[in-house]
Amino acid sequence: MTLRRLGATTLLTFATSCRAQPAPSPDGGSATGAAGGAPAPSLVVLIAVDQMRADYLDRFAPQFSGGLARLASGGARFTDAHQDHALTETAPGHATLLAGRFPRSTGIESNSAGVGDTGMPLLDGGAELGASPRRFRGTTLVDWLRARDGGSRALSVSGKDRSAILPVGRSRQQVFWYGPHGRFTTSRYYGDSLPAWVQRYNARDRARRLAGHAWELLLADSAYRERDSVSVEGGGGDFAFPHRIPADSAAAADYVRVTPWLDEIVLGAALEGVGALALGGGPHTDVLSVSLSATDAIGHTYGPDSREIHDQMLRLDRALGVFLDSLFRLRDSSRVIVALSADHGVSRIPELAADGASSIPMRVDPDSLVRNMQAALRAAGADPRALVRGPMLVTLDRAVLKRGPVDADSALVLLAAVARQTPGVLRADRFRDLRGADTVHDAIARRWLHHFPADAPLDLVVTLEPLSAWGQSVASHGSPHDADSHVPLIFYGPPFRPGRYDGFVRTVDLAPTLAAALGVRPTEKLDGVVLKQALK
């Protein structure tokens, strides 16, 4: 069986199986919003599409007919929105969205220093996969709402732990993600057992039941302009349609992560939770955070110029269309607001990006660069063990350096020179010197400063040329360049003025804008500002 037609329409089945909960009559201080005594939104929905480039909205717009089309045409769309920090990875990006603050203040600086926490194991076992928001600092929109009204609640669902956890910060709300066995799980930070509704949803085994199916093109072959024979995609294997899902159910549950069906499974879980928890069904303002991870896995595997990404975006558009239709059957659409954005973009596959590039894209081996830095220290008479972190983020152990003839300043000059002489490296900056940069015109300096606090134990930051990449991932992100930072940003719902807004904005502006629409006050200083032009 193929999956050409199986898909988004199945979401409606899950929505209609949830008993709709009519919203009680508004009351008290939580009954009115920021605009002229209108009923306050009962539900705020954040949709974060992992690795969604902003240009996808225009590139595939003629073929959109579902949720992306609805949000882009009926919402306030900001066309020049950026994750305005340096390490454009999943964890830092998700942490900005409802916090309104850069990584330098959220404390979430990378995936590796994100949510991993062996002290908070998953409910279904595996302490090595434990997770919590213990590194997250500060508050989010969820906390601001609960400070105003303790009845406000949140549900966060994703294909990844960090993408489910970080949008809601340290709040102990309902947080679930697609686990290692193809079922939704959480960690002991949030509770000791899975709620009955999650167990029921897991029992449907949607991922495992896809075993033996195939991902085929949604539309006719002529609807796609991308070639389907680019062997660099997929790491040289499985780079052409159809993509067969393994017949083994356990293997299928893992493979599904690299198909559009993961997003449908996550959206189905979100709808199930809305119904079971009566989220958005009361006088309070609740939050639903949905992070969709399939675009990231597909983009890493096949690249942003692939036929696979094209088909994924078409399927995502349709899945979101069914999701929104289903949600609005459960909740009054006049009391729902939606924000759509992404945690980061992605750069083109270096081997495919050479044509028209200002410099030849390179794959820079980080291990090789570290060895070269260590060799340079050794040649100067310094102990190479003084290099305790590198090569993108360089930190020196000054106590080790003091045992030799090279001081820290001289060592950093030496290491910066080694980095700059490496093909594919654009610049190597002393982090402390960036504070004097022209951050209006020097976006790279600005993004490094937004990423780390001024007192970070960091000596050098190394930036690659645009389109060059660290390591061997087929397509990657994580740089301060616009290809990785440029993301969609759309606000949809009664408080917002539909239209296209072309000025530069940041994802840290998302949370304060939602707060203004809700008439709620942030409980701490934010980096973002209210995008007043989008508010009616």
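All of the numbers you see were taken from the coordinates with simple rules; none came from a lab. The model shown is predicted, which means the values in this text are computed figures rather than measured ones. Cβ atoms come from the backbone with ideal geometry, glycine included; neighbour counts cover every protein chain shown.
The table below gives the values:
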read-out: Gyration tensor (alpha-carbon) shape descriptor, the range 134-286, a/c threshold 1.5; value: prolate
read-out: Global geometry of the range 88-217, whether rounded, prolate or oblate, following the gyration tensor of its Cα atoms and the 1.5 cut on a/c; value: prolate
read-out: Cut-off 9 Å between beta-carbons: net charge of the residues surrounding Gln51, Lys and Arg +1, Asp and Glu -1; value: -2
read-out: Nearest-0.05 FRET efficiency for Ala220 and Ser65, computed from C-beta distance (R0 22 Å); value: 0.90
read-out: For Asp332, net neighbour charge (Lys/Arg +1, Asp/Glu -1) across residues whose Cβ lies under 15 Å away; value: +1
read-out: Inter-label distance, nm, simple model (7 Å from Cα along the C-beta direction), Ser359/Arg378; value: 2.7
read-out: Lys525, Lys402, Lys160 arranged by Cβ crowding within 10 Å, fewest neighbours leading; value: Lys525, Lys402, Lys160
read-out: Difference of contour (0.36 nm per residue) and Cα-Cα distance, Asp325 to Asp58; value: 93.8 nm
read-out: Likely footprinting exposure, Val529, Val462, fewest C-beta neighbours within 10 Å first; value: Val529, Val462
read-out: Pair Ala456, Ala147: separation of 7 Å Cα→Cβ label points (nm); value: 2.6
read-out: Residue-averaged [θ]222 nm for the chain, counting only DSSP H segments that reach four residues, each worth -39500 (n - 2.57); value: -8500 deg cm²/dmol
read-out: Cα gyration tensor shape of the range 363-470, rounded if a/c is under 1.5, else prolate or oblate by comparing a/b with b/c; value: oblate
read-out: Extension gain from Lys532 to Val388, taking 0.36 nm per residue of separation minus the Cα-Cα distance; value: 47.3 nm
read-out: Order by protection proxy (mean Cβ within 10 Å, highest first), peptides 316-325, 472-481; value: 316-325, 472-481
read-out: Cβ-derived FRET efficiency at R0 30 Å, Thr439 paired with Glu524, nearest 0.05; value: 0.85
read-out: Packing-based exposure ordering (other Cβ within 10 Å, fewest first) of Trp215, Trp470; value: Trp470, Trp215
read-out: Length-normalised contact order for the range 363-470 - Cα pairs under 8 Å, 6+ apart - percent; value: 32
read-out: Amide H contacts of Val505 (H built 1.01 Å from N, under 5 Å, at least 5 apart or other chain); value: Asp80, Ala81, His82
read-out: Vicinal HN-Hα couplings computed from phi for the range 46-56 (Karplus, 6.51 cos²θ - 1.76 cosθ + 1.60; Hz; Gly/Pro x); value: 9, 10, 10, 9, 4, 6, 8, 6, 5, 6, 4
read-out: For Leu46, distant residues with modelled amide H under 5 Å away; value: Leu288, Ser289, Val290, Ala339
read-out: Additional length obtainable on full extension of the chain from Ala247 to Ser73, 0.36 nm per residue less Cα span; value: 58.6 nm
read-out: Contact order relative to length of the chain, as percent, for alpha carbon pairs under 8 angstrom and 6 or more apart; value: 28
read-out: Cut-off 13 Å between beta-carbons: net charge of the residues surrounding Asp296, Lys and Arg +1, Asp and Glu -1; value: -2
